[in-house]
Amino acid sequence: MILVTGAGGGVGAELLAQLREAGHPARGGYRSEQRALEAGGDAVVFDLDRPDGLADGLDRIDEMFVVGAMGPRQTEQELAAVAAATEAGVRHVVKLSVWRADELLTPIARIHRPVEEALEASGVAWTFLRPNFYMQNFARQMATSISTAGEIAQPASWAPISFVDTRDVARVAAAVLTGDGHDGRVYPLTGPQALTFERAAQTFAAVLDQPCAFVELSDDEARARMVARGLPDFHVDALIEAAKIIGSPIVRCVLGSSNERSGKIPLEGHIENTIKVLKNIRNQVMDAHIKIAIENHAGDMQARELKSLIEGAGKDFVGVCIDSGNPMWTLESPHLTLETLSPYVLTSHVRDTYVWMAEAGAAVRWCRTGEGNIGIDSYIKKFIELCPGRALSAEVIVQPQPRMFAVRDPKFWGPYKNTPAWEYERFIELAEKGTAPPGWVRRPAACRGCARPDAIAHSSPQTNN
């Protein structure tokens, strides 16, 4: 019998399905009773945070696939699984590790290597699978930026990476668990071709028939984006460590994107959760003599909402990374954003924007500084006046197509139902005064990539300066 831990995860779920399809007796180990009941078949609760309860799941198990949930306790969790397997007399453990774990070059490698060492010393037969970057991470982590901003934003890197599909990793795991000759072996797992992020972006552009570019991020920017994708305390700890190393007084973080305005959890719930996370790390932040700068990011919060987050968390250690382009994605004038958030500003992103009214509603397109129609010159003058001594940082993103907001459609307003009329009036005043960029023409209704029939387009590709 084979036990697959992490059976609800990407690799684990695929592995369990492949084993059963091939007729091999396999048991799925899940972290919660509900997941185990939903899975059906031979499924058990196998919560690595409760090592005393692992023995029942190991009854009659000969082979075991081990993977814990990524986080600060992953090493501890997997060590508990190894100890339980050893005690239960499991013959062979297959450990899902990470590329070049033995070199300890990355924080993730330092999570996995102690578990490998424990297996090497356990007396149990073992095999290590060390996959490179998962292909599925493009869908899990980058789908929104690819589809909405036309970019793959990653830390600066031009080295080719052999991206590997999690289904292929599962196939290897299945072969190792059911075949002979794999004891004491280490298998680095890669895809068929090594690609740079730039080449990956070009591939997405060709397949999707829309612009896509690789955008280099600083380490701080890259880590801050990860906060929005889960495990906030763990990643914020990494951010703080990085900031201390490089001597930065500020760590930039984000709550999410416009998706958080319309999901199952209301925006107020996301704000409340973020406040809890920030309060939990307050002492660490204060001891490190740094501050957290929350960005009004990709349409997630209006100024009034971000202000409530800062006041709720504590303005003594939390402030704002104010962005002049993102307010337009929340139907808010950037001038109102600046007026509301100026007392909390720690740093900034300055980006110009075109806004105008189209048949479908309001059209917003980021553009080169000085080309837009939102009054970026007066915004900069006001920033210098209201935020003396704060960094004025240019972040230029040129969108190939505008983002459309169907403000004339009553169904559109659900995510913005709490917007005061006077605040929206500030935005609509800019839109009604604005005109489309010179040289832009309407696309026909059947054009590829148009969000609405009256969306407009231009031949210029997206660029980032």
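The values are calculated or read from the model by the stated rules, or taken from the named source; none is laboratory data. Note that the structure is a prediction, hence the values are computed from the model and not measured. Because the Cβ atoms are built from the backbone with ideal geometry, glycine has one as well, and the counts that use them run over all protein chains shown.
Which pairs turn up if I take residues in the stretch 286-311 that are in a helix (DSSP H, G or I) and look for partners that are among the hydroxyl-bearing types (S, T, Y) with beta carbon separation below 8 Å, at least 6 apart in sequence or on another chain?
Once the first residue is in a helix (DSSP H, G or I) and sits in the stretch 286-311, its partners that are among the hydroxyl-bearing types (S, T, Y) give A303/T337; A303/T340; R304/T340; K307/T340; K307/Y344; L309/T274; I310/Y344.
Residue-by-condition table, conditions (1) more than 23 Å from A303 (Cα to Cα); (2) modelled with pLDDT of 90 or more; (3) buried (at least 16 other Cβ atoms within 10 Å of the Cβ):
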| site | (1), (2), (3) |
| --- | --- |
| D377 | no, yes, no |
| I384 | no, yes, no |
| P420 | no, yes, no |
| F427 | no, yes, yes |
| L430 | no, yes, yes |
| A436 | yes, no, yes |
| C447 | yes, no, no |
| N465 | yes, no, no |
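For the stretch 402-436, name all the residues that are within 12 Å of V355 (Cα to Cα) and touching a strand residue (DSSP E or B) at 6+ places or on another chain (Cβ under 8 Å).
P402, R403, M404, F405, F427, I428, L430, A431, E432, G434, T435, A436
Which residues, counting only those in the stretch 359-375, are in a strand (DSSP E or B) and crowded, with 20+ Cβ neighbours inside 10 Å?
A362, A363, V364, R365, W366, C367
Could you grab me the full set of residues in the stretch 123-172 that are of a type in the set (S, T, Y) and in a loop (DSSP other than H, G, I, E, B)?
S157, S162, listed by residue number.
Could you tell me whether the stretch 110-125 includes any residue that is under 14 Å from the mean Cα position of the chain (by Cα) and hydrophobic (A, V, I, L, M, F, W, C)?
No.
Here is a check on your reading of the model: is A43 more than 18 Å from D168 (Cα to Cα) and touching a residue at least 12 places away in the same chain (Cβ under 8 Å)?
yes
For G230, which of the numbered conditions (1) surrounded by fewer than 19 Cβ atoms within 10 Å (Cβ to Cβ); (2) modelled with pLDDT of 65 or more; (3) under 14 Å from the mean Cα position of the chain (by Cα) fails to hold?
Of the numbered conditions (1) surrounded by fewer than 19 Cβ atoms within 10 Å (Cβ to Cβ); (2) modelled with pLDDT of 65 or more; (3) under 14 Å from the mean Cα position of the chain (by Cα), the odd one out for G230 is (2).
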